[in-house]
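The numbers here are math on the coordinates, done by the rules we state, and not lab data. Just so it is clear, the model here is predicted, and its values are computed rather than measured. Counting neighbours? That spans all protein chains shown, and the Cβs are built from the backbone with ideal geometry, glycine included.
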Amino acid sequence: MRDGGASRTADGDGRHFDLAVIGSGSGNSLIDEQFADQRVALLERGTFGGTCLNVGCIPTKMFVLPADHAASPAQAERLGVRLRYDGVDWPAVRDRIFGRIDPISAGGEQWRRENENVTLFRAEAKFVGERRIDTGTGEVITADKIVLAAGSRAVVPSWPGIDQVTVHTSDTVMRLDRLPESIMIIGGGFVAAEFAHVFGAFGTKVIMVNRSGALLRQEDAEISARFTAAMSEQVELHLDTTVTRVDPLAGDRVAVQLSNGDSHQVDVLLVATGRTPNSDTLDLARTGVEVDDAGLVRVDSRQQTTADGIWALGDICSPWQLKHVANHEARIVQHNLLHPDDAIEADHRFVPHAVFSDPQVAAVGLTEAEARSRGIDVAVAVQDYGTVAYGWAMEDTSHCCKLVADRATGQLVGAHLIGPQASTLVQPLIQAMSFGLGVADMARGQYWIHPALPEVIENALLALEL
């Protein structure tokens, strides 16, 4: 562990740094050559590289792609093509994924250890003063400026019997020794939807339990309803249902009692009921950093906390909990650290997201209900994939693009897609909203390749009655 050139303080503390960053995900990415003349402390208690690299976006999507292939025979059958699924080599899939990711994590950590100006502390950090940090290694350090990028963690409810069984979260389920014959997934959000697709496509019996009456209920109502209907055809779905008790069975299996009176015995219990910020692990009360009722660190438009000299980014302060948001916020924080007299603001106007399930879902902006609740006079268009030529080619009967526009301005305020390529199709809509391209100009101011699937967006734009 290099000392990064850090100086000793006069009051008996350990080393003093120009900058301390807590978290090695997007927080790590802001430390580039522009900080070469600064003494930097990087503190990480978990796997180096953060959630996205190790247990989030990247490995999950690396599982989704083979799952898409596994599900393709059923789709091909409708087109007159006979394919056969002979099963999956789970260890091969798993090891291919983590055989690539784990070396990236290890290599990134080793590279940081070799940086002349960076000191890496591999333990749990806690504040013991305004800008004084107990590194967890036996040393207390101080820093002129601090960035909180400590992320979030999966939430596990306290059901009766929970301490007697093996409970998996997204942190652990991708490293299972073998493909389970059955899995119960608790939750109805992004994580639950994606793992339902992965395990279902690989041949595992999937039971989903969701406390509300719809999956992906934060999506536009049209999208949520279509996704719930699609998933109900793929898995055993229990809506408006909660877990009342869990009990251990032989072979590390789990017995689950549900509020609707059903009971199930499954090989794996996966809890996907949300994530909570790691703000409660840092003793932030000692710093003057405020958190809200959800545990999110309060930041202003420049990502600065309520404490002087302390910034925050990513899941610890962001309600979106998305890697692309954390990366954007890291760029804002980096600029403001380096150019305090020319500070810039984060742009959270049009934050997109995608769910890589079957079907895919992607969205940006307001739902129709949100737009109406804000008093916007909206125009709404729902265009089915099956109305365009490429949709005919796919024999698509259930997917759509839904657009929400402001009649007064002619601008899109929301875009919502469900179906193949949704995560890609949404990008031109994000661009239009971000740069103020109006509906009319977007629809007729450019060519739309025929007969490609983006024609569903073109037709949705043309269908908006402004």
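Could you order the peptides 370-383, 269-282 from most to least packed, using the average number of other C-beta atoms within 10 Å per residue? Mind showing how you got there, number by number?
Details: 370-383: 15.8, 269-282: 20.8.
So the peptides 370-383, 269-282, ranked by packing, come out 269-282, 370-383.
Roughly what % of DSSP beta bridges within region 1-128 run antiparallel, to the nearest 5? If you can, show how the numbers build up before the last one.
Numbers: 2 of 10 bridges.
About 20 percent, rounded to the nearest 5.
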Fill in: Cα-projected label distance for ARG286 with ASP347, points at 7 Å along beta-carbon direction, nm
3.9 nm
Discussion item. What are the membrane-span-like helices in the chain by this rule: whole DSSP H runs, Cα extent along the axis at least 27 Å, mean Kyte-Doolittle hydropathy at least 0.0?
Written reply: 57-77
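Looking at the square roots a ≥ b ≥ c of the eigenvalues of the Cα gyration tensor of region 18-171, which shape do they give, rounded for a/c under 1.5, prolate if a/b is larger than b/c, or oblate? Walk me through the numbers on the way to the answer.
Details: a/c = 3.23, a/b = 1.94, b/c = 1.66.
Prolate.
What does the charge dipole of the chain about its Cα centre add up to, to the nearest 20 debye, if the Cβ of each Lys and Arg holds +1 and the Cβ of each Asp and Glu holds -1? Don't jump to the answer; show the numbers that get you there.
Numbers: 40 positive and 62 negative charges, 104 e Å.
Dipole about the Cα centre, nearest 20: 500 debye.
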Discussion item. Can you give me the long-range amide H partners of LEU42? Hydrogens built in the peptide plane at 1.01 Å from N, cutoff under 5 Å, separation of 5 or more residues or another chain.
Written reply: VAL21, THR119, LEU120, PHE121
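How high is the FRET efficiency between ARG78 and ARG245 when r is their beta carbon distance and R₀ equals 51 Å, given to the nearest 0.05? Intermediate results must be reported in sequence, preceding the final value.
On the way: r = 42 Å, r/R0 = 0.82.
After rounding to 0.05, the efficiency reads 0.75.
Where Lys and Arg each count +1 and Asp and Glu each count -1, what net charge lies around LEU237 among other residues with Cβ under 13 Å from its Cβ? Numbers along the way, then the final one.
Values: positive: LYS205, ARG211; negative: GLU233, GLU236, ASP240, ASP262.
So the environment of LEU237 carries a net charge of -2.
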Response to the item:
Once the dipole of region 117-157 is set up from charges on Cβ (+1 Lys and Arg, -1 Asp and Glu), the residue from the list GLY136, ALA125, PRO157 lying farthest towards its positive end is PRO157
Item to complete: Show that you can apply the helix-only estimate: for the chain, add -39,500 (n - 2.57) for every DSSP H stretch of four or more residues, divide by all residues, and state [θ] at 222 nm to the nearest 500.
Response: -8500 deg cm²/dmol
Item to complete: Using Cβ-Cβ distances only, list the Cys residues of the chain with no partner cysteine under 4.7 Å, sorted by number.
Response: CYS317, CYS400, CYS401
Worksheet, complete the sentence: Result: in the chain the number of Lys pairs with C-alpha under 30 Å apart, spaced 8 or more or on different chains, is 7
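In debye, nearest 20, what is the charge dipole magnitude of region 198-344 about its Cα centre with +1 on Lys and Arg Cβ and -1 on Asp and Glu Cβ, if you could check? Intermediate results must be reported in sequence, preceding the final value.
On the way: 12 positive and 21 negative charges, 66 e Å.
Charge dipole of region 198-344: 320 debye, to the nearest 20.
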Worksheet item: Given Cα pairs under 8 Å that are at least 6 residues apart, what percent is the relative contact order of the chain?
Response: 14 percent
Fill in: Cα centroid separation, region 242-299 to region 48-93 (Å)
26 Å
Item to complete: Within the set of other residues whose C-beta is less than 15 Å from the C-beta of PRO248, count the net charge using Lys and Arg as +1 and Asp and Glu as -1.
Response: -2
Discussion item. Amide H of SER152 versus every other amide H placed in the peptide plane: which residues, excluding those fewer than 5 positions away on the same chain, fall under 5 Å?
Written reply: ASN278
Worksheet entry | Under 13 Å, Cβ to Cβ, from ILE332 - net charge with Lys/Arg +1 and Asp/Glu -1 | -3
Worksheet entry | Peptide ranges 431-440, 213-222 listed from the most packed, as the mean C-beta count within 10 angstrom indicates | 213-222, 431-440
Worksheet item: Using the alpha-carbon centroid of each, what span in Å lies between region 414-466 and region 111-190?
Response: 39 Å
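Once you order the gyration tensor axes a ≥ b ≥ c over the Cα atoms, which shape class does region 314-466 get: rounded for a/c under 1.5, otherwise prolate or oblate by comparing a/b with b/c?
prolate
Looking at the square roots a ≥ b ≥ c of the eigenvalues of the Cα gyration tensor of region 257-400, which shape do they give, rounded for a/c under 1.5, prolate if a/b is larger than b/c, or oblate? Working shown, then result.
Values: a/c = 2.39, a/b = 1.41, b/c = 1.69.
The shape class here is oblate.
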Worksheet item: What is the antiparallel percent of DSSP beta bridges lying wholly in the chain, to the nearest 5?
Response: 60 percent
